[in-house]
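The values are calculated or read from the model by the stated rules, or taken from the named source; none is laboratory data. Computed from a prediction, not measured in an experiment: that's the story for all the values here. All Cβ positions, even for glycine, are placed from backbone atoms using ideal geometry, and neighbour counts span all protein chains on display. These area figures cover heavy atoms from the full protein model, side chains too; ligands, DNA and RNA do not enter into them. Shrake-Rupley method; radii C 1.70, N 1.55, O 1.52, S 1.80 Å.
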Amino acid sequence: MVLEHLVSYAGQAAADAASVLNNVGAAWWEDSNNPTTDVQVRLWESNDRAERFFALVGGFLAEIAPLNPPSREEIVASGATTTAAADALTRHGVPFRAAHSVVGRLVRAGGPDTWTPEGVRAAAADVAGELDDAAVADLIAAAVRPELVLQRAQADGPGAAAVRAQVGVLRAALDPVAERLDAVRGLLRRADEALDAVAAELGAP
């Protein structure tokens, strides 16, 4: 999926940038501008990934055409809620792998709309132990009510409030960068105009 590739590219570029900073700090005796240094390898790779990232995100935004969202039934039938169902169990202390094992057993037995409290307890019996009523209810609700994901409160999660907070943080970080970039562009434009004027003057008869 395009968005997954974008996340991967961003992570790799950030890792390369961290490697560059670490190498420059650790190899203080070496000129980091030297094209033969090991530092440069990660720098160029990071730049290349950043270029591919922006090319991909630009193409994605240019082509995306959102349609009407799928219905609840379509979302549930697609299996998209199964991760949310497993996450619901982890919030009740069930280990991550065990929670996914429980959901995997349930999926093999039928779609989320067919899950019952008895079936959930049976699927969990030998991998997650005995589940209380709240854990069972939360798992089933997460599986059959996809809209609940919007109510998640954890930081940096998919909940509506968390996403708004993320956007606010990103905007606060990017707005000053955009302002500095505009200022640099203005400087470059004025430098070009000054250079053109000097060239025209020197070339005049």
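In table form, for the structure just shown:
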quantity	calculated
Any chance residue 46 is at pLDDT below 90, out of contact with any strand residue (DSSP E or B) (no Cβ under 8 Å at 6 or more places or on another chain), open to solvent by less than 60 Å² (accessible area, probe 1.4 Å) and assigned to a helix (DSSP H, G or I)	yes
Search result, residues across the range 105-135 that are of a type in the set (Val, Ile, Thr), open to solvent by 20 Å² or more (accessible area, probe 1.4 Å), closer than 16 Å to residue 86 by Cβ and outside any loop (DSSP other than H, G, I, E, B)	107
Those residues of the range 69-79 which are loosely packed, with under 13 Cβ neighbours inside 10 Å and more than 24 Å from residue 6 (Cβ to Cβ), in sequence order	71, 73, 74
Subset of the range 59-68 [farther than 21 Å from residue 145 by Cα and open to solvent by 40 Å² or more (accessible area, probe 1.4 Å)]	60, 61, 62, 63, 64, 65, 66
Subset of the range 81-104 (residues that are farther than 16 Å from residue 121 by Cα and open to solvent by 70 Å² or more (accessible area, probe 1.4 Å))	83, 91, 96, 97
Matching residues, the range 105-115, being out of contact with any Leu (no Cβ under 7 Å at 6 or more places or on another chain) and either in contact (Cβ under 8 Å) with a residue 12 or more places away in the chain or among the charged types (D, E, K, R) (or both)	105, 106, 107, 108, 109, 111, 112, 113
Residue match in the range 146-168 (condition: modelled with pLDDT of 95 or more, surrounded by 11 or more Cβ atoms within 10 Å (Cβ to Cβ) and touching a Pro at 6+ places or on another chain (Cβ under 8 Å))	no
